[in-house]
Amino acid sequence: MTDEPSSSNEPTQPSESQCDVVMVRVGIDIGNTAIKVVTQGAPTDEEAGSLKDRGPQLRSISLRDPEWITQCVEHLRTLAAKLAERASSDCQSVCYDVRVASVNRGSAEPLVAALDEAFYDCIRVRFVTHQDVSMTIDVNYPDRVGIDRLLGAEAAFRRHAAPVIIVDAGTTVTVDFVSAEGVFCGGAILPGLEMQTAALAAGTDALPKLDWASHRCREMPEGPGRDTVAAMRLGVLSSVAGAVERLLRIYGGAATLVVTGGDAGCLVDALPAECRAVEEPHLVAQALLDLLQPNE
């Protein structure tokens, strides 16, 4: 979708140099099946070191949960309360700086409205757009590229040796290429693991719909699948892994392969060792953290 500036209220916010405000920085990545809420507050020096070691703090909430918006709002309230407890006693206010990266307008708009209503007195919400991406986008229609693909590509380029191939294994699987000069050159899109198994189940009477979150998908059979679930898992994983291998050759081969997304672990283990895939499950969250730096 084409991102647009949020229509949310943008009240005048206190400066963080003052002691009367705690600023909560929030990045929200809204996908087709889940949202990820990544947060960055004002931890102590000791806590900052441990948080850096662990990577981004994030909460994943399924869009299939009818209470997902309430869960997101309550998560931010809880975070703000914890930050306020650690802050100086002179800090009486909690304000939110929220950036939303979305490929799902139907979920993004009600969430932004709920955030405005819940924190109307001190919140700034805006969508991340293509203007927030610093790399050159060399494709036919740059404005049509999903913002999640661009953010993931930029985060991978900043953190790994270029050229870089970025595989985002989520609802769909995208395989994108960033040149040694940091130019986003486009990529490929194919159905993800869950989408493929759902299609198998919907198109047949006998095949089940697999839940990749509950199956031990990393245990790839070394030979033919010996039951229906194993055969489906082997077939679907092999189709995606095989596509990635072929695209590596098409893109030129000599590139760092970075795999992100909810099914990154399954796909990394399905790829041959010579691919030397690097698993980075939260690249878009990392990119949102980069945008939320105080000195932006």
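The values are calculated or read from the model by the stated rules, or taken from the named source; none is laboratory data. All values reported here derive from a predicted model rather than from experimental measurement. Don't worry about glycine lacking a Cβ; one is built from the backbone with ideal geometry, like all the others, and counts go over all protein chains shown. Ligands, DNA and RNA are stripped out before the accessible areas are found, and what is left, the full protein with its side chains, is counted by its heavy atoms. Shrake-Rupley method; radii C 1.70, N 1.55, O 1.52, S 1.80 Å.
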What ranking do 130-139, 104-113, 275-284 get when scored by the average of other Cβ atoms within 10 Å per residue, highest first?
275-284, 104-113, 130-139
For region 75-218, take the convex hull of the Cα atoms, compute a quarter of its surface area, and give me that in nm², please.
13.3
Derived scalar couplings ³J(HN,Hα) [region 173-184; Karplus, 6.51 cos²θ - 1.76 cosθ + 1.60; whole Hz; x for Gly, Pro]:
10, 10, 10, 10, 10, 10, 6, 4, 8, x, 9, 6
Can you list residues whose amide H is under 5 Å from Thr39's amide H, if they're 5+ apart or on another chain and H is modeled 1.01 Å from N?
Gly27, Gln57
With every protein chain kept in place and ligands, DNA and RNA left out, what is the accessible area per residue of region 104-162? Probe 1.4 Å, answer in Å².
49
Take the Cα gyration tensor of region 150-189, multiply each eigenvalue by 5, square-root it, and list the three semi-axes largest first, rounded to whole angstrom.
17, 10, 7
